[in-house]
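The values are calculated or read from the model by the stated rules, or taken from the named source; none is laboratory data. Model, not experiment: these values are computed from the prediction. Quick reminder, even Gly has a Cβ in these numbers, built from the backbone with ideal geometry, and neighbours come from all protein chains shown. For the accessible areas, the whole protein counts, side chains as well, though only heavy atoms, and no ligand, DNA or RNA atoms are used. Shrake-Rupley method; radii C 1.70, N 1.55, O 1.52, S 1.80 Å.
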Amino acid sequence: MSGWRELPFRVRDVLVSGAALVVLWPVLATIALAVKCDSPGPALFKQRRVGLRGRTFEIHKFRTMRAGGTGLAITADGDPRVTRVGRFLRASKLDELIQLWDVLRGEMSLVGPRPEVPRYVAEWPSHLREEILSVRPGITDPATVLLRSESELLAMADDPERFYVDVLLPQKAHQYAQYVRSRSLAGDIRIVLETIVAIVRPTAAASGADVGH
């Protein structure tokens with residue numbers, strides 16, 4: 001039965017991501033060229049994330065950091081690993097545009113809980129983990145809108161990773177679970193529109209974020 005409920009979302013994902021990739025290929029090619037010209041290394045960054053039913057997959061992003069660097073899996077404002085082009089791509093979310101390919105191949109959805117690396121999935125509240133992983137992860141979701149200023153918040157923390165695990169991650173997990181419980185095609189359209197507004201007007205989005213719990 002869950003497969004039948006998932007069908008309308010999957011049909012939408014295939015149609016929208018396929019059409020978007022065809023229309024946006026000049027933009028994607030331009031971004032890839034800008035990344036290559038800005039710093040040595042590949043245009044794309046790939047990383048293992050946890051997806052539907054706990055299965056790991058390889059997510060794609062345009063590379064925003066210097067190749068070969070090490071450090072935390074999270075990124076705060078002012079991180080020296082981030083390149084000049086990378087700063088723009090992160091601010092505009094264009095680094096995630098290539099994830100339309102991950103949507104088309106069935107690893108992700110247009111809207112759904114953002115996929116985490118395994119170490120952070122292990123930090124989700126145990127009673128929410130299975131529920132969150134019952135749907136495909138998405139390019140955007142309500143938590144993305146609420147925490148549009150995440151990198152700024154991390155930059156202000158004395159210990160960015162501890163702040164992420166103790167404060168932001170639980171908040172994200174509860175937002176993810178709430179999304180799964182109320183998921184609808186109409187709701188997904190609203191989330192996409194809110195994401196666009198959050199990118200265009202980041203200050204307005206940041207003012208709505210509650211990071212106290």
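If I stretch the segment between Ala91 and Met156 completely, what's the gain in nm (0.36 nm per residue apart, minus their alpha carbon distance), one decimal?
Here the segment from Ala91 to Met156 would lengthen by 21.7 nm.
Out of the DSSP beta bridges found with both residues in the chain, what percent are antiparallel (nearest 5)?
Of all bridge pairs located within the chain, approximately 80 percent are antiparallel.
Determine the shape class of segment 13-87: with a ≥ b ≥ c the square roots of the Cα gyration tensor eigenvalues, call it rounded for a/c under 1.5, and otherwise prolate if a/b is greater than b/c, oblate otherwise. Please list the in-between numbers first.
Details: a/c = 2.37, a/b = 1.17, b/c = 2.02.
Cα axes put segment 13-87 in the oblate bin.
Taking amide H positions as placed in the peptide plane 1.01 Å from N, state which residues far from Met65 in sequence (5 or more) or on other chains have amide H under 5 Å from it.
Under 5 Å from the amide H of Met65 lie the amide H atoms of Thr83, each far enough along the sequence or on another chain.
Indicate the gyration tensor shape class of segment 62-173 (rounded, prolate or oblate), computed on the Cα atoms with a ≥ b ≥ c the square roots of the eigenvalues: a/c under 1.5 is rounded; otherwise a/b larger than b/c is prolate and the rest oblate. It would help to have the intermediate numbers written out before the result.
Values: a/c = 1.80, a/b = 1.14, b/c = 1.58.
It is oblate, given that a/c is not under 1.5 and a/b is not larger than b/c.
Hey, what's segment 153-199 come to in accessible area per residue, 1.4 Å probe, Å²? Please list the in-between numbers first.
Values: 2470 Å² over 47 residues.
Heavy-atom accessible area per residue stands at 53 Å².
Pick from Ile139, Ile31, Ile189: which residue has the top mean-square fluctuation in a GNM of the chain where Cα pairs under 10 Å get a spring?
Ile189
Which helices pass in the chain if a helix is a full DSSP H run, must span at least 24 angstrom along its long axis by Cα, and must have mean Kyte-Doolittle hydropathy not below 0.5?
Helices meeting the criterion: 2-38.
With a cut-off of 8 Å between alpha carbons and a minimum separation of six or more residues, what is the relative contact order of the chain in percent?
Averaging sequence separation for qualifying contacts and normalising by length gives 21 percent for the chain.
Rolling a 1.4 Å sphere over the protein heavy atoms, what is the accessible area per residue of segment 12-84, to the nearest Å²?
57
Would you mind computing, in nm to one decimal, how far apart the modelled labels at Leu24 and Ser182 are, each placed 7 Å from Cα along Cα→Cβ?
Once both label points are built, they end up 2.6 nm from each other.
Tell me the mean residue ellipticity at 222 nm calculated for the chain from its helices only (DSSP H runs of n ≥ 4, each -39500 (n - 2.57), averaged over every residue, nearest 500).
-16000 deg cm²/dmol, from helical runs alone.
I'd like the carbon and sulfur percentage of the solvent accessible area for segment 90-148, probe radius 1.4 Å, heavy atoms only, ligands and nucleic acids excluded.
The nonpolar share, carbon plus sulfur, comes to 56 percent.
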